[in-house]
Amino acid sequence: MKKSSLYIMLFSMLFVILAACGKGGGGGGSEGAEGADKTAVIGSDAEDATELKFWTFQEVHIKFYEDAVKRWNEEFPDRPIKLKAEAYPYDNMHNNLLLALQSGTGAPDIVDIEVGRFPNYLKGEPQLLPMNEYVEPVLDQFIESRFDIYSKDGNYYGMPTHVGATVAYYNKEIMDQAGVDIDSIVTWEDYVAAGKKVAESTDSKMLALESMDWWSYWPLIKQQGSDFYDENGELTLANETNTKTLESLNGLLKDGIAELAPGGEYHAEEFYGYMNDGGAASILMPMWYMSRFTDYMPDLKGKMVIRPMPKWTEDGNRSAGAGGTGTAVTNQSEHPDLAKEFLAYAKLSEEGNIALWEVLGFDPPMWTVWESEAMKKDNIYYQYFGSDIFNTLVEVKDEIDSINMNENIPVVQEQLFTNVFNNVYRSQSQTPEEALKEAAEAVKSNTGN
Amino acid sequence: MIGRTAAESEIVKPKWSIKSFFLSKKVVPYVFVAPFILSFLFLFLYPLVSGVVLSFQSVLPGQTTFIGLSNYERILNPTFFKALSNTTIYVVLTTSLLTIFPIILAVLLNSKFTRFADLFRAAIFIPALTSTIVAGVIFRLMFGESEDGLANTVIGFLGFDPVEWRFGAVSGMFLMVLLCSWKWLGVNILYFMAGLANVPKELYEAAEMDGAGVFHKFRHITIPLLKPITIYVVTISIIHGFRMYEESYVFWQDSSPGNIGLTIVGYIYQQGFKMNDMGFGAAIGVVLMIIIFIISIAQLVLFGTFKKGE
């Protein structure tokens, strides 16, 4: 009896251990650095190649640098580089970077930092290198505001990855079923009226709202010229526009025109499945969300169309810039000049910006390339969304205000994700006005201003 | 003469060697305790002290300054109390579940009437070998909010409406407690079974002769004799509960609706890393340490561990 129990124990342990090993060993050549999702050594094998280390939180971004390193090494054969790119999970990478910069050792040469976390790295004395010498000469060819969100005291630290122009994604099939002509939706009233039709005549809702993220809210208030903080850094979280917008969205929810996004956010597995099955007829999201459609919602291919956002007033904006990744050179780089020059080459050149579209499907921050021939070459995004993507973008080019960033944004984010959306949409324990006022108080007491 | 003197002097003054150094009774004890002392100093005492120092600072690159007690002044806010109450409820639930069930199951598994006891023993222990994160990801899928989720399908059979597990305060707590209990049940059963092995059979036989039933034997023999094990299990469950973090992280990452999943350690992480406010995070950590210390002492006093001669 005793012996058999021992054997069962041992075998079950063995099974578990073997299963664990099997998983570890299966990764093949893509492993390397501990804990990294993906590691790639890109570029020249030549001995004189300078090695630069790059961290990102988004595996897809590595593809862009593969392309950039290749072009660099062809163009400057006398200064070859070898880029050691490592992708880590979001939290993991930002925390490692924070500790590395805090302690003065262990940081990479170049790093991708997400816009929501960027303010953390600008606190105190930024441990990143200013890129002004490369940014200033070309600034007028770019959507300027995309540099402002990664800057402090007139120094530009982060190089933008996209504009993040927010657009409306409509599911044409559902809209046709409801008898709504998408192009007739111009104002927010039109949008709500169309939503009523959709809710009445189809099984879908017009819109899905995020309760644990801010994409269904932030772009909408930015579009109306409001934000969480104004240009002078004053907290405007509970101002009239923000309250009214939250009330409108909550109204859609109450009238059955919208519902809460399954999984609580647009990046949840549950949401991808729901949207793919035609759960909602539209969402308002930045351009960079295109790649989520192509990757996770294959059944909607050819059914989705991209249009400007409905405007709130007669002369209101039809888009807003949201989200972002700023790429920066750290002060721990052993080759700061080379790292900066390469980063500028990758992100601030015309070829680089075309590559942002071709490789990643992002709307490049250099607007001068938007109408170039290279942008019209067929790719998976045109095949998915139709050929008029950039017409929409060019149309709203001057209406893309960008978000105001400062070091308190993470605190605001916390309040919205945990309290505001939950208390208003889900538990309905507070009115939009109460929730925003309380959040604003909490932010003030937390940040001391 | 000369040779003899040399031999004599060798006897009088033995050559110093590494071997004799390590064999010396004065040195050896220090050599043996050195690994513990060193790891204690570098991995425990140093972080502890610097953590306490950090809690009085505002920590930013190039601008670290002492700011007195202002980190501590900010601690008593609604979010902290929410975290504290979540953690306390979690500790009470997990500690009671993980003490009561393992005792009952250990007695059942130990009974000669239970068939396939070995199989159950192994099966119940296996979850302890998995990582909380891996198991949690599976739990998250099982408790998805859609009607097709495993848990919702099961309660659907029983005639209940689907539940949005991750979005309600009660169901959220249920998920965390369930994950923790599932994982640690087997380990605690092992402790209690080891304790049961030390209970003399004669006591039961004597009790049976006196006409004691199953329940009386359990109440008056098993429970009192398992007391040392119970104290141990309760203590580690409480400490484990207060430093809980993974069970919450795996369901909601770093922000949960209405903070239903926020624990004290989660709050430290959120403030320290997400808000880049290391000083404040450290101050919460110090408060947590004090709380655990007080509760552990109180509990040991209640159980009478400090009384001599028992």
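Computed quantities for the displayed model
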| item | result |
| --- | --- |
| Positions within segment A:107-147 being modelled with pLDDT under 90 and of a type in the set (Asp, Glu), in sequence order | A:GLU125, A:GLU144 |
| Any hit, segment A:209-224, residues being over 19 Å from the mean Cα position of the chain (by Cα), in a helix (DSSP H, G or I) and over 30 Å from B:LEU141 (Cα atoms) | no |
| Residue that is surrounded by 23 or more Cβ atoms within 10 Å (Cβ to Cβ) and not hydroxyl-bearing (Ser, Thr, Tyr), where the choices are A:VAL305, A:VAL329 | A:VAL329 |
| Some residue of segment B:130-138 being touching a Gly at 6+ places or on another chain (Cβ under 8 Å) and either within 11 Å of another protein chain (Cβ to nearest Cβ) or part of a helix (DSSP H, G or I) (or both) | no |
| Residue selected from segment B:98-116 under the condition among the hydrophobic types (A, V, I, L, M, F, W, C) and crowded, with 17+ Cβ neighbours inside 10 Å, by the criterion nearest to the other protein chains (Cβ to nearest Cβ) | B:LEU109 |
| Candidates B:ILE223, B:ILE189, B:ILE268, filtered to the one that is assigned to a helix (DSSP H, G or I) and surrounded by fewer than 20 Cβ atoms within 10 Å (Cβ to Cβ) | B:ILE223 |
| Hey, A:GLU433 part of a loop (DSSP other than H, G, I, E, B), touching a residue at least 12 places away in the same chain (Cβ under 8 Å), farther than 20 Å from B:TRP252 by Cβ and acidic (Asp, Glu) or not | no |
| B:GLY159 being at pLDDT below 90 and away from chain A (no Cβ under 14 Å) | yes |
| Every residue from segment B:187-204 that is of a type in the set (Val, Ile, Thr) and modelled with pLDDT of 90 or more | B:VAL187, B:ILE189 |
| Conditions (1) farther than 21 Å from A:VAL305 by Cβ; (2) assigned by TED's automatic domain parsing to the domain that holds A:GLU265; (3) polar (S, T, N, Q): number failed by A:ASN391 | (1) |
| Selection status of B:GLY159, out of contact with any strand residue (DSSP E or B) (no Cβ under 7 Å at 6 or more places or on another chain), assigned by TED's automatic domain parsing to the domain that holds B:TRP184, within 18 Å of B:GLY261 (Cα to Cα) and part of a loop (DSSP other than H, G, I, E, B) | no |
| Complete set of residues in segment B:48-79 that are assigned to a strand (DSSP E or B) and either assigned by TED's automatic domain parsing to the domain that holds B:GLY258 or not polar (S, T, N, Q) (or both) | B:PHE66 |
| Test set (1) under 24 Å from the mean Cα position of the chain (by Cα); (2) in a helix (DSSP H, G or I) - A:ASN406 fails condition number | (2) |
| Residues of segment A:273-297 that turn out to be assigned to a helix (DSSP H, G or I) and under 17 Å from A:ILE174 (Cβ atoms), as a count | 5 |
| Count - residues of segment B:18-36 that are surrounded by 11 or more Cβ atoms within 10 Å (Cβ to Cβ) and part of a helix (DSSP H, G or I) | 5 |
| Scope segment A:127-141; condition away from chain B (no Cβ under 14 Å) and either crowded, with 20+ Cβ neighbours inside 10 Å or out of contact with any strand residue (DSSP E or B) (no Cβ under 7 Å at 6 or more places or on another chain) (or both); matching residues | A:MET131, A:GLU133, A:TYR134, A:VAL135, A:GLU136, A:PRO137, A:VAL138, A:LEU139, A:ASP140 |
| Any hit, segment B:254-262, residues being more than 23 Å from A:ALA439 (Cα to Cα) and touching a Ser or Thr at 6+ places or on another chain (Cβ under 8 Å) | no |
| A:ASP213 being under 28 Å from B:VAL250 (Cα atoms), touching a His at 6+ places or on another chain (Cβ under 8 Å) and in the same structural domain as A:MET297 (by TED's automatic domain parsing) | yes |
| Subset of segment A:98-126 (residues that are assigned to a helix (DSSP H, G or I), at the interface with chain B (Cβ under 9 Å from one of its Cβ atoms) and surrounded by 18 or more Cβ atoms within 10 Å (Cβ to Cβ)) | A:LEU98, A:LEU101, A:GLN102, A:PRO119, A:ASN120, A:TYR121 |
| Sole residue being under 21 Å from A:GLN177 (Cα atoms) and out of contact with any strand residue (DSSP E or B) (no Cβ under 7 Å at 6 or more places or on another chain), chosen from A:ASP299, A:ASP295 | A:ASP299 |
| Complete set of residues in segment A:411-447 that are more than 25 Å from the chain's Cα centre (by Cα), within 9 Å of chain B (Cβ to nearest Cβ) and of a type in the set (A, V, I, L, M, F, W, C) | A:ALA442 |
| Filtered residue count, segment A:71-97, keeping only those that are surrounded by fewer than 21 Cβ atoms within 10 Å (Cβ to Cβ), within 14 Å of chain B (Cβ to nearest Cβ), of a type outside the set (S, T, N, Q) and touching a residue at least 12 places away in the same chain (Cβ under 8 Å) | 2 |
| Residue check, A:VAL359 in the same structural domain as A:VAL186 (by TED's automatic domain parsing), of a type in the set (Val, Ile, Thr) and within 22 Å of the chain's Cα centre (by Cα) | no |
| Unique residue being surrounded by fewer than 16 Cβ atoms within 10 Å (Cβ to Cβ) and small (Gly, Ala, Ser) when the list is B:ALA212, B:ALA169, B:ALA197 | B:ALA197 |
| Residue check for A:GLU371: part of a helix (DSSP H, G or I) and over 22 Å from the mean Cα position of the chain (by Cα) | no |
| Count - residues of segment A:152-179 that are small (Gly, Ala, Ser), over 18 Å from A:ILE110 (Cα atoms) and not in a strand (DSSP E or B) | 4 |
| Residue that is modelled with the lowest pLDDT [pool: residues in segment A:51-66 that are charged (D, E, K, R) and under 21 Å from the mean Cα position of the chain (by Cα)] | A:GLU59 |
| Pairs where the first residue, in segment B:80-106, is in the same structural domain as B:ARG121 (by TED's automatic domain parsing) and part of a helix (DSSP H, G or I) and the second is charged (D, E, K, R) and surrounded by fewer than 20 Cβ atoms within 10 Å (Cβ to Cβ), C-beta under 9 Å, 6+ apart | B:PHE80/B:ARG74 |
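Okay, residues lined up against (1) under 23 Å from B:ILE67 (Cα atoms); (2) within 11 Å of chain A (Cβ to nearest Cβ):
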{"residue": "B:GLY213", "(1), (2)": "no, no"}
{"residue": "B:SER255", "(1), (2)": "no, yes"}
{"residue": "B:GLY261", "(1), (2)": "no, yes"}
{"residue": "B:GLN270", "(1), (2)": "yes, yes"}
{"residue": "B:VAL286", "(1), (2)": "yes, no"}
{"residue": "B:SER296", "(1), (2)": "no, no"}
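The values are calculated or read from the model by the stated rules, or taken from the named source; none is laboratory data. Every value quoted in this text rests on a predicted model; they were computed, and no experiment measured them. Counting neighbours? That spans all protein chains shown, and the Cβs are built from the backbone with ideal geometry, glycine included.
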